[in-house]
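The values are calculated or read from the model by the stated rules, or taken from the named source; none is laboratory data. If you're wondering where the values come from, they're calculated on a predicted model, not measured in any experiment. Virtual Cβ from ideal backbone geometry, glycine too; neighbours counted across all protein chains shown.
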Amino acid sequence: MSPPDAPVTSFDFRSGTLRGSHLVLYPLCLVHRGEHRLETIPIAAIASLRIGFEREARTLRWAAVLLALALIVSLLSSPLASLAGAAASEVAAHQHGEASAQTMAAMLVSLFRGMETAARLLPIFGGALGAWGVALAVLGWLGLTTLTLTLGAAERAYAVRGRSAPLFDFSEALSEHMLKARR
């Protein structure tokens with residue numbers, strides 16, 4: 001037989017914003033303890049409990065936008081580089097006349113060569129955008145399991161990345177204690 005104030009079950013947050021903290025269910029209260037936080041919630045004060053797993057639709061949308069931008073930037077690179085290179089070559093071919101015209105032509109050639117170089121670097125930028133988009137897609141697809149407690153007019157949400165069976169198990173134990181407290 002366990003003592004009446006012994007913990008029933010616990011859940012440790014191993015990642016995310018709550019990393020390093022844990023929830024401990026006692027017969028009469030729920031304690032959220034971390035390095036810089038401590039919150040004790042009486043079981044009788046919990047009006048409702050909700051737990052669910054959801055993929056992050058907003059993150060998935062951002063991933064799609066970033067992947068589309070990466071594709072567009074990469075596809076524009078070659079035509080822009082060719083256009084700037086051709087413009088530089090044309091200005092250089094027609095460079096003759098007085099000194100001020102030659103100076104202006106040299107500046108235009110430099111400008112177009114710089115634009116050509118920048119356009120040739122666009123695939124690297126597109127690759128970075130693509131990598132960012134893939135990372136967001138993975139995070140969005142992994143989703144979050146969120147335990148939400150309603151306490152009168154306030155809510156407490158405890159989220160972990162991915163589908164968390166241990167958090168579901170913890171929630172079941174908490175739900176059972178909520179029902180016992182109301183009898």
(request) Working only within region 104-153, note down all residues that are part of a helix (DSSP H, G or I) and of a type in the set (S, T, N, Q). (result) Ser110, Thr117
(request) Starting from residues that are of a type in the set (A, V, I, L, M) and touching a residue at least 40 places away in the same chain (Cβ under 8 Å), keep the ones in region 1-43 and report whichever is farthest from Lys180 (Cα to Cα). (result) Leu18
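Results for (1) surrounded by 11 or more Cβ atoms within 10 Å (Cβ to Cβ); (2) closer than 29 Å to Leu142 by Cα, shown as yes or no for each residue.
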{"position": "Pro7", "(1), (2)": "yes, no"}
{"position": "Asp12", "(1), (2)": "yes, yes"}
{"position": "Ser15", "(1), (2)": "no, yes"}
{"position": "Ser21", "(1), (2)": "yes, yes"}
{"position": "Leu25", "(1), (2)": "yes, yes"}
{"position": "Cys29", "(1), (2)": "yes, no"}
{"position": "His32", "(1), (2)": "yes, yes"}
{"position": "Arg37", "(1), (2)": "no, yes"}
{"position": "Pro42", "(1), (2)": "yes, no"}
(request) Six or more apart or on different chains, Cβ under 8 Å: which pairs go from a residue in region 104-116 that's farther than 12 Å from Gly85 by Cβ to one that's surrounded by fewer than 17 Cβ atoms within 10 Å (Cβ to Cβ) and of a type outside the set (Val, Ile, Thr)? Could you list them? (result) Ala105/Ala92; Ala105/His94; Ala105/Gln95; Ala106/Gln95
(message) If I ask for residues that are over 19 Å from His22 (Cα atoms) and among the small types (Gly, Ala, Ser), which ones from region 135-170 would you list?
(response) Ala135, Ala137, Gly140, Gly143, Gly152, Ala153, Ala154
(request) Kindly indicate which of Leu49, Leu80 is of a type in the set (A, V, I, L, M, F, W, C) and part of a helix (DSSP H, G or I). (result) Leu80
(message) The conditions are (1) surrounded by 14 or more Cβ atoms within 10 Å (Cβ to Cβ); (2) modelled with pLDDT of 90 or more; (3) not hydroxyl-bearing (Ser, Thr, Tyr), and Ala105 fails exactly one of them. Which is it?
(response) (2)
(message) Can you tell me how many residues within region 138-154 are touching a helix residue (DSSP H, G or I) at 6+ places or on another chain (Cβ under 6 Å), within 23 Å of Ala173 (Cα to Cα) and not aliphatic (A, V, I, L, M)?
(response) 1
(request) Please name all residue pairs, on different chains or six or more residues apart, with Cβ atoms under 6 Å, provided the first residue is in region 154-183 and is part of a helix (DSSP H, G or I) and the second residue is at pLDDT below 95 and of a type outside the set (A, V, I, L, M, F, W, C). (result) Leu167/Thr145; Phe170/Thr9; Ala173/Thr9
